[in-house]
Ligand SMILES: CC(C)(COP(=O)(O)OP(=O)(O)OC[C@H]1O[C@@H](n2cnc3c(N)ncnc32)[C@H](O)[C@@H]1OP(=O)(O)O)[C@@H](O)C(=O)NCCC(=O)NCCS
């Protein structure tokens, strides 16, 4: 089995979009993925030539935002998400001092993955995400410090 984390190519976008539609009830559009592929740090995890997950990071000056990631449902729980996220962060070209993300409060799998990757909660946006049943869900805001230079975080 050959596992490769690599840059998302234009030909990968349909496979990425198919994964997104399997995991989100408000999926990004195909156009949003095409745009992300061209403009952001967009990576895929490829196992024996098959795209099994994606991760989209937006570098902004000396920081980055984790916008979206997913692993195809039938391949979750095998360590692919961790490997993808770790390598996506390590290949960011702007060497960010910190990385931000927001995640649904009830998405315990994602929160556990992010905590394993040394993200921690810094804030919460109340009733940020709509749910399918018409209720709303809080967004947990998390950050990962990528620098040992504590002062650089406050410049
Ligand atoms: C979140 C997601 C990307 C994790 O990917 P994955 O390949 O299943 O995760 P991994 O197998 O690499 O697991 C890494 C860590 O994540 C955590 N984790 C993963 N699945 C979990 C689950 N079902 N319950 C609790 N923790 C979980 C664990 O800490 C795990 O480490 P461990 O195996 O040492 O316990 C995947 O569940 C997914 O695609 N979910 C749907 C889309 C989504 O929610 N994306 C994130 C928000 S945009």
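The values are calculated or read from the model by the stated rules, or taken from the named source; none is laboratory data. Model, not experiment: these values are computed from the prediction. Cβ placement follows ideal geometry from the backbone for every residue including glycine, while neighbour counts extend to all protein chains displayed.
Would region 22-33 turn up any residue that is surrounded by fewer than 16 Cβ atoms within 10 Å (Cβ to Cβ), under 28 Å from residue 148 (Cα atoms) and modelled with pLDDT of 95 or more?
Within region 22-33, not a single residue is surrounded by fewer than 16 Cβ atoms within 10 Å (Cβ to Cβ), under 28 Å from residue 148 (Cα atoms) and modelled with pLDDT of 95 or more.
Are any residues in region 36-50 farther than 14 Å from residue 9 by Cβ and either modelled with pLDDT under 95 or surrounded by 16 or more Cβ atoms within 10 Å (Cβ to Cβ) (or both), and if so, which ones?
47
Consider residue 45 against the criteria (1) within 14 Å of the ligand (Cβ to nearest atom); (2) out of contact with any helix residue (DSSP H, G or I) (no Cβ under 6 Å at 6 or more places or on another chain): it satisfies all of them except one. Which criterion is unmet?
(2)
Within region 108-118, restricting attention to residues that are more than 6 Å from the ligand (Cβ to nearest atom) and either in a loop (DSSP other than H, G, I, E, B) or closer than 25 Å to residue 1 by Cα (or both), which residue is nearest to the chain's Cα centre (by Cα)? Explain how you work it out, then say what you get.
Within region 108-118, the subset more than 6 Å from the ligand (Cβ to nearest atom) is 111, 114-115, 117-118.
Subset that is either in a loop (DSSP other than H, G, I, E, B) or closer than 25 Å to residue 1 by Cα (or both): 117-118.
Details: 117: 12, 118: 14 Å.
Ranking the qualifying residues of region 108-118, first place goes to 117.
Of all residues being more than 12 Å from the ligand (Cβ to nearest atom) and assigned to a loop (DSSP other than H, G, I, E, B) in region 69-107, which is surrounded by the fewest Cβ atoms within 10 Å (Cβ to Cβ)? Just the residue, please.
Here the residue is 93.
Looking at 117, 142, 124, which is the one that is within 19 Å of residue 53 (Cβ to Cβ) and in contact with a strand residue (DSSP E or B) (Cβ under 9 Å, 6 or more places away or on another chain)? Talk me through it step by step, then tell me what you get.
Working: 142 fails: within 19 Å of residue 53 (Cβ to Cβ); 124 fails: within 19 Å of residue 53 (Cβ to Cβ).
Result of the check over 117, 142, 124: 117.
When you scan region 119-155, how many residues do you find that are away from the ligand (no atom under 16 Å from the Cβ), at pLDDT 95 or above and under 20 Å from residue 83 (Cα atoms)?
Looking only at that region, the number is 1.
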